[in-house]
Amino acid sequence: MRVIQDFIRIVFFTLLIITQPGCWLAVGAAAGAGTVAYVSGDVEADLDATPDQVIKATKKAAGDLKLQTEYAHASAVDGRAELRSAADKKISIRVESRSPKTSHISIRVGTFGDDSLSNQVLTTIRDHLKSVDDTASSSPTGGPT
């Protein structure tokens, strides 16, 4: 069933690209967990984390990359952050919950997007999410003995 859905997506996006000559999109047609797509200037991906966890990781990533955090807020269903680079490039991050443990992130740099910087921010966010997972899995469970 999944193969058929992926095939339909590929056909749909191929037809979309062919019929829209003025609009070239690089689309991840077989979108699954972990797939990164560059769509109209945005880098998008699904992450195994809640919006709150993603925004916390975004703040840490901003520190690592020496980006200024203009604001960063999250709820159980969504989150937003806006960062600035030293060259005053605006980096907008949107997060939406897809399930209780999965979120969709969209990163856009400036007006038209910057694939390289967007992917660097995404990779750093993922690294921080991974370190949270590693810490949680290595911490002892249960109460005091």
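Things worth noting here:
- The requirement of being crowded, with 16+ Cβ neighbours inside 10 Å, of a type in the set (A, V, I, L, M, F, W, C) and part of a loop (DSSP other than H, G, I, E, B) is fulfilled somewhere in the stretch 66-75, by at least one residue.
For (1) closer than 14 Å to GLU44 by Cα; (2) modelled with pLDDT under 95; (3) surrounded by fewer than 16 Cβ atoms within 10 Å (Cβ to Cβ); (4) not aromatic (Phe, Trp, Tyr), each residue gets a yes or a no:
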| site | (1), (2), (3), (4) |
| --- | --- |
| THR58 | no, no, no, yes |
| ASP64 | no, no, yes, yes |
| ASP78 | no, no, no, yes |
| THR111 | no, yes, yes, yes |
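The values are calculated or read from the model by the stated rules, or taken from the named source; none is laboratory data. These numbers were taken from a predicted model, which means no experiment stands behind them. As a convention, Cβ positions derive from the backbone with ideal geometry for all residues, glycine included, and neighbour counts pool all protein chains shown.
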